[in-house]
Amino acid sequence: MGWFKNKKPWLAAIFLLLAVFVPFFASQYHAYLMLSFFAYGVVLLGLNLLFGYTGLVSFGHALFVGIGAYTAAFFTYKFSIMSMELIIVTAMIIAAVVAALIGMICIRYVKIYFAMLTLAFGMLFYSFLLKTYYITGGDEGMRVLRPALLGFGLAEVPHMEFLTRIYYYYALAILVIATLIMRRIVSSHFGLCIKAVRDNPEKAEFLGIGVKRYRWYSFVLSAIYAATGGALLAPVVGQVDPGLAYWTHSGDLVFMVLLGGFANFFGPMVGAFVFIYLRDTVMSIIPYWRIIFGAILAFIVIVAPGGLMGIGGLLHRWSHLWTQLKPASGGKTV
Amino acid sequence: MILQATDIHRYYGEFCALDGVSFGTNEGEFVSIIGPNGAGKTTLINVLTGLLKPDGGKVFFKEKEITGLGPERLSKMGLVRSFQLVNIFPELTVQECIEVAIISRLGKGTRFYSSLDRDDEVHHQALGVARLFGLEDKRDVLAKNLPQGDKKLLDVASAYALHPEVILLDEPTSGVSTSDKNKIMETLVSASREIGVKCIIQVEHDMDIVFAYSDRIIALHQGKILADGTPEEIRKDEEVVCTVVGEKECFKTFEMIVGRKS
């Protein structure tokens with residue numbers, strides 16, 4: 001229960017309460033945007049296990065989001081299997097197997113080499129989706145039909161109402177469960193070991209922690225989360241295409257983590273929330289939203305490397321510095 | 001013999017850092033490896049602890065060949081080390097730094113879903129180690145915020161938390177103020193007794209420390225063993241003294257240093 005004292009969970013509780021009531025007091029459009037946030041929130045919980053807790057930056061995580069989304073498309077559109085639970089579990093298993101295999105290669109490297117290798121595998125998967133059009137639909141992608149939730153088909157419910165009322169709570173519940181599980185993982189014995197690996201891999205190895213093995217575990221777990229998020233995202237977008245696995249999508253995921261702050265458990269989720277709403281706002285004003293986002297990223301890296309969740313600490317340090325300087329300058333004038 | 005090295009060779013390109021080093025250590029020994037800079041002391045420690053693979057020769061631990069085995073496996077077998085430069089987990093608290101080692105020793109690292117907060121076994125053992133090293137009151141301090149002496153102690157404490165049979169200490173008092181050096185050494189010796197460490201091997205430049213605590217001294221020079229004996233034997237060996245101190249009128253200088261301890 002220590003984290004309840006330290007991490008201000010009441011903020012998360014208030015946010016959860018607000019999220020529960022969004023379909024009642026906000027427009028369908030906002031509820032629809034929140035759906036993307038729920039899906040990305042799950043993806044980023046996993047990505048931050050790798051980034052913030054293990055110290056590995058993946059530029060290919062869209063691969064696993066793609067696996068989740070395409071699993072949903074294949075199941076609903078090609079195989080007429082509508083069970084969302086089955087889709088999610090299958091996506092998790094496929095992502096775990098793929099991550100286990102490519103992870104064995106990637107985790108041998110760190111820093112830019114790890115990032116480039118994950119990017120390379122991501123691009124391989126993107127090319128596979130693009131070129132095998134007779135299976136995947138190529139650049140046109142594939143439709144995602146309405147899934148059945150907990151065994152209920154809900155075919156009679158209008159589409160937007162299904163998404164913003166029923167699927168909304170389903171996705172929110174998945175996000176809450178995923179958050180609680182991830183919170184438990186990072187607070188576990190394993191969680192402490194990966195933090196040690198992040199901080200000082202050499203020392204960790206000398207304390208008997210198999211650094212590569214722990215990085216691999218972390219990689220596989222983060223892929224499972226990404227695929228779950230991808231599967232959740234698919235019914236929201238309604239049509240999956242190779243762009244979901246493209247490297248710019250991986251870049252967006254890293255951006256969200258940096259925007260919210262990778263040093264904080266909830267940081268990436270805050271990043272996802274701000275990213276989705278900011279992109280929506282900026283896109284409605286100018287089409288070149290990436291220019292604005294590039295400037296924001298540069299600002300964060302230079303001024304607030306702790307992201308939005310680190311701004312509080314940054315302001316505290318600045319105010320502390322200011323109070324220290326103030327009497328000194330006052331002394332001079334006197 | 002608990003740890004034995006036979007005919008160890010190690011090259012860095014053309015440079016021969018270790019040239020046929022052979023020695024063995026027994027249970028209950030406190031062995032100091034001394035020598036001037038570049039003698040091959042740290043390379044020897046790195047080879048013994050699996051950080052470097054030797055180009056020739058073999059290393060045995062409890063009669064088992066361990067040449068080239070990585071640090072992870074060696075630490076599980078009971079052979080651990082500390083580092084010359086402080087080697088800690090800067091973003092973890094003192095308690096967490098020690099807990100990492102305990103989790104590793106207890107084989108609990110792959111508990112993905114069990115709450116560490118509720119693991120009394122790990123907490124109590126970590127508390128015990130922190131108490132042993134005088135870090136009890138600083139358990140919640142981030143390792144990076146500790147004073148240098150405490151960082152050094154924490155580095156060693158985390159190694160001791162593995163309950164090793166043999167511990168290799170690479171300059172355990174380097175970068176520490178003179179007043180703290182003896183405190184650290186006393187702590188190390190008493191912690192070793194408490195935990196049941198069978199053999200300590202240290203690399204050390206401070207001759208006060210070397211002659212005060214060692215049962216046996218091995219002097220290295222240019223990758224070879226120059227002398228291997230008790231402090232009394234080494235003290236009488238003028239060649240070793242001159243090589244280690246490395247100054248004009250070295251013997252007098254050395255006499256001044258070690259004379260205080262005799």
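Every number here is computed from the coordinates shown, using simple stated rules; none is lab data. Bear in mind that the values here come from a model prediction, so they are computed numbers and not experimental data. Here the Cβ positions follow ideal geometry from the backbone for every residue, glycine too, while neighbour counts run over all protein chains shown.
For B:G149, what is the net charge nearby, where nearby means another residue's Cβ is under 13 Å from its Cβ and Lys, Arg count +1, Asp, Glu -1? Numbers along the way, then the final one.
Numbers: positive: B:K138, B:K151, B:K152, B:K181, B:K183; negative: B:D150, B:D155, B:D180, B:E186.
Here the count lands on +1.
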Relative contact order (percent, whole number), the range B:3-259, Cα cutoff 8 Å, 6+ residue spacing | 26
Unit charges at the beta carbon, dipole of chain B: most positive-side option, B:Y12, B:S114, B:A227 | B:S114
Could you run the Karplus curve 6.51 cos²θ - 1.76 cosθ + 1.60 with θ = phi - 60° over the range B:226-241 and give me ³J(HN,Hα) per residue in whole Hz, x for Gly and Pro?
-> 8, 7, 8, x, 6, x, 4, 5, 5, 4, 8, 8, 4, 4, 5, 4
Out of B:F61, B:I103, B:T25 - ranked by how far each Cα lies towards the positive end of the dipole of the range B:3-259, with unit charges on the beta-carbon of charged residues - the top one is B:I103
Compare A:D241, A:D139, A:D280 in a GNM of chain A, Cα atoms joined below 10 Å, and give the one with the largest fluctuation.
-> A:D280
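Using +1 on the beta carbon of Lys and Arg, -1 on that of Asp and Glu, and nothing else charged, what's the dipole of chain A about the Cα centre, debye to 20?
On the way: 23 positive and 11 negative charges, 228 e Å.
Approximately 1100 debye in magnitude.
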Tell me which residues come under 5 Å, amide H to amide H, from B:L226 once H is placed; ignore anything under 5 positions away on its chain.
-> B:A219, B:L220, B:H221
Tell me, what ³J(HN,Hα) does each residue in the range A:281-295 have, in order and in whole Hz, if you take phi through Karplus 6.51 cos²θ - 1.76 cosθ + 1.60 with θ = phi - 60° and put x for Gly and Pro?
-> 5, 5, 4, 6, 9, 10, x, 8, 5, 5, 4, 4, 5, x, 5
With +1 on the Cβ of every Lys and Arg and -1 on the Cβ of every Asp and Glu, the dipole magnitude of the range B:3-259 about its Cα centre, in debye rounded to the nearest 20, is 600
Would you grab the residues whose amide H sits under 5 Å from the one on A:Q239? Only those 5+ places off in sequence or on another chain, please, with H modelled 1.01 Å from N.
-> A:V144
Sum up the charges of everything whose Cβ sits under 11 Å from the Cβ of B:Y113, counting Lys and Arg as +1 and Asp and Glu as -1, but leave B:Y113 out.
-> +3
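For each of B:M185, A:M116, count neighbouring Cβ atoms within 10 Å of the residue's Cβ, then give the residues from fewest to most. Spell out each step's value before the answer.
On the way: B:M185 20, A:M116 14.
The fewest-first ordering by Cβ neighbours comes to A:M116, B:M185.
Please tell me the relative contact order of chain A in percent, rounded to the nearest whole number, where contacts are Cα pairs under 8 Å and at least six residues apart. Numbers along the way, then the final one.
Working: 485 pairs, mean separation 103.1, N = 334.
Computed over chain A, the figure is 31 percent.
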Report, to the nearest 10°, how far helix B:120-132 tilts away from the longest principal axis of the Cα atoms in chain B, using its own Cα long axis and a range of 0 to 90°.
-> 40
Evaluate the charge dipole of the range A:52-192 about its Cα centre and quote only its size in Debye, nearest 20, assuming +1 on the Cβ of each Lys and Arg and -1 on the Cβ of each Asp and Glu.
-> 380
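Contour minus end-to-end for A:R317 and A:W289, with contour as 0.36 nm per residue of separation and end-to-end as the Cα-Cα distance? Please list the in-between numbers first.
On the way: separation 28, 0.36 × 28 = 10.08 nm, distance 3.20 nm.
Residue separation times 0.36 nm, minus the Cα-Cα distance, leaves 6.9 nm.
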Helical contribution to [θ] at 222 nm, DSSP H n ≥ 4, -39,500 (n - 2.57), averaged over chain A, rounded to 500 = -23500 deg cm²/dmol
Which cross-chain or sequence-distant (5 or more) residues have an amide H under 5 Å from the amide H of A:G137, H modelled 1.01 Å from N in plane?
-> none
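Below 12 angstrom from the Cβ of A:Y32, what's the summed charge of the other residues (Lys, Arg +1; Asp, Glu -1)?
Local charge sum for A:Y32: -1.
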In whole Hz, with x marking every Gly and Pro, tabulate ³J(HN,Hα) for the range A:103-113 from phi via Karplus 6.51 cos²θ - 1.76 cosθ + 1.60, θ = phi - 60°.
-> x, 4, 8, 4, 6, 6, 10, 10, 6, 5, 5
